[in-house]
Amino acid sequence: MSERDRVESRPDDFAERREHLKDLSDEQLQDRFWELTDRVVQPLVELAQDHTSPSIERSVLLRMGFSSTEAGEIVERVLDHGMLGKGAGHLVYKVAAHHNLSIREAGLALAEGEYWDDVRALFSEGGEC
């Protein structure tokens, strides 16, 4: 007897399970699909918003155009200031926007220890975020 013969087959209940969908148009089905997808993905999005790590932040900075060494230096400064939860790339972006700098200029300045008072002010209570 083969393995396949020993496995119980599941009853075919497709018609019952699709009953609530049978009268929906293609557009309605597509809307339903994206609604359910959003419900499944939302906990992952919330987790990502509240949890990060130095390696994730270095990866973000690499994608922003910084070298591995530069990204490491920026993340070290972010850690030193206890602001990893804000996101290293987010800090770089905010400094760039606030001082009208390029992303690269802002990141390198942060790596050199510049603008940290501004970063604290930008992210303090009542400040921008």
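Conditions (1) touching a residue at least 12 places away in the same chain (Cβ under 8 Å); (2) in the same structural domain as Ala106 (by TED's automatic domain parsing); (3) under 21 Å from Ser102 (Cα atoms), marked per residue:
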| site | (1), (2), (3) |
| --- | --- |
| Gln28 | no, no, no |
| Asp38 | no, no, no |
| Gly65 | yes, yes, yes |
| Ser68 | no, yes, yes |
| Arg77 | yes, yes, yes |
| Gly87 | yes, yes, yes |
Has segment 49-57 got any residue that is exposed (fewer than 10 other Cβ atoms within 10 Å of the Cβ), within 16 Å of Phe123 (Cα to Cα) and either under 18 Å from the mean Cα position of the chain (by Cα) or of a type in the set (D, E, K, R) (or both)?
yes
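Return yes or no: is Leu79 touching a Pro at 6+ places or on another chain (Cβ under 8 Å) and among the aliphatic types (A, V, I, L, M)?
So Leu79 fits the description; yes.
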Listed residues Gly87, Gly127; which is among the small types (Gly, Ala, Ser), surrounded by 14 or more Cβ atoms within 10 Å (Cβ to Cβ) and at pLDDT below 95?
Gly87
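The values are calculated or read from the model by the stated rules, or taken from the named source; none is laboratory data. Quantities reported herein were computed from a predicted structural model and do not represent experimental measurements. Heads up, the Cβs are rebuilt from the backbone with ideal geometry, glycines too, and the neighbour counts pull from every protein chain shown.
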